[in-house]
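A.B. asks: The structure is given below, and queries will be raised subsequently.
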Amino acid sequence: MNWKDVRNKYINTWILFEAIEAHSEDGKRIVERISVIDSFDESKDALVSYKEIKKKNPERELYVANTKKESLEILERKWLGIRR
């Protein structure tokens, strides 16, 4: 699915999704294909689910977003320092 398809299917809701096809461009992550894992009424529930899945599978590219946004904008962060 692309973001437009997701917005049409999941109207004004929070979704947890995995980026199936994505690339980086100008400090942003451009997601072309999405696999929706679950939908939620509350953002906190989506984030709890995100943490559980990410802990078991840290290599997966997961995101939480609200479908009321017309475009999907994901800014990349640069991690500095030591991670424990």
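A.B. asks: Under 6 Å between Cβ atoms, which residue pairs at least 6 apart in sequence (or on different chains) link something in the range 16-28 that is under 17 Å from ARG60 (Cβ atoms) with a partner that is hydroxyl-bearing (Ser, Thr, Tyr)?
C.D. replies: Cβ pairs passing all conditions: LEU16/SER49; LEU16/TYR50; PHE17/TYR63; GLU18/SER35; ILE20/SER35.
A.B. asks: What are the pairs, 6+ residues apart or on separate chains, where a residue within the range 54-73 that is free of Cβ contacts under 8 Å to residues at least 40 places away in the same chain has its Cβ under 8 Å from a residue that is open to solvent by less than 50 Å² (accessible area, probe 1.4 Å) and not in a loop (DSSP other than H, G, I, E, B)?
C.D. replies: LYS54/LEU62
A.B. asks: So, one more: On the basis of being of a type outside the set (A, V, I, L, M, F, W, C), under 26 Å from ILE11 (Cα atoms) and assigned to a loop (DSSP other than H, G, I, E, B), does SER71 make the cut?
C.D. replies: yes
A.B. asks: Separate question: For the range 4-19, name all the residues that are open to solvent by 80 Å² or more (accessible area, probe 1.4 Å) and not basic (Lys, Arg). Outline the logic, then answer.
C.D. replies: Our first condition is that a residue be open to solvent by 80 Å² or more (accessible area, probe 1.4 Å); within the range 4-19, this holds for 4, 8-9, 11-12.
ASN8, ILE11, ASN12 - these are the residues of the range 4-19 that are open to solvent by 80 Å² or more (accessible area, probe 1.4 Å) and not basic (Lys, Arg).
A.B. asks: Additional query: Within the range 20-32, is even one residue in contact with a Lys or Arg (Cβ under 6 Å, 6 or more places away or on another chain) and not small (Gly, Ala, Ser)?
C.D. replies: yes
A.B. asks: If I ask for residues that are within 18 Å of ILE30 (Cβ to Cβ) and loosely packed, with under 14 Cβ neighbours inside 10 Å, which ones from the range 63-72 would you list?
C.D. replies: LYS69, GLU70, SER71
A.B. asks: Another question about this same structure. Condition first: under 19 Å from THR13 (Cα atoms) and open to solvent by 50 Å² or more (accessible area, probe 1.4 Å). Now tell me which residues in the range 46-62 satisfy that.
C.D. replies: Result: LEU47, VAL48, TYR50, LYS51.
A.B. asks: Still on this model: Quick one: how many residues across the range 33-45 are assigned to a strand (DSSP E or B) and either hydrophobic (A, V, I, L, M, F, W, C) or open to solvent by 80 Å² or more (accessible area, probe 1.4 Å) (or both)?
C.D. replies: Start the filter on the range 33-45 by keeping residues that are assigned to a strand (DSSP E or B), which leaves 33-40.
Narrowing further to those that are either hydrophobic (A, V, I, L, M, F, W, C) or open to solvent by 80 Å² or more (accessible area, probe 1.4 Å) (or both): 33-34, 36-37, 40.
Matching residues across the range 33-45 total 5.
The values are calculated or read from the model by the stated rules, or taken from the named source; none is laboratory data. Remember, predicted model here, so these are calculated numbers, not experimental data. Using ideal geometry, Cβ is built from the backbone for each residue, glycine included, and neighbour counts are taken over all protein chains shown. Note: areas computed on protein heavy atoms with side chains; ligands, DNA, RNA excluded. Shrake-Rupley method; radii C 1.70, N 1.55, O 1.52, S 1.80 Å.
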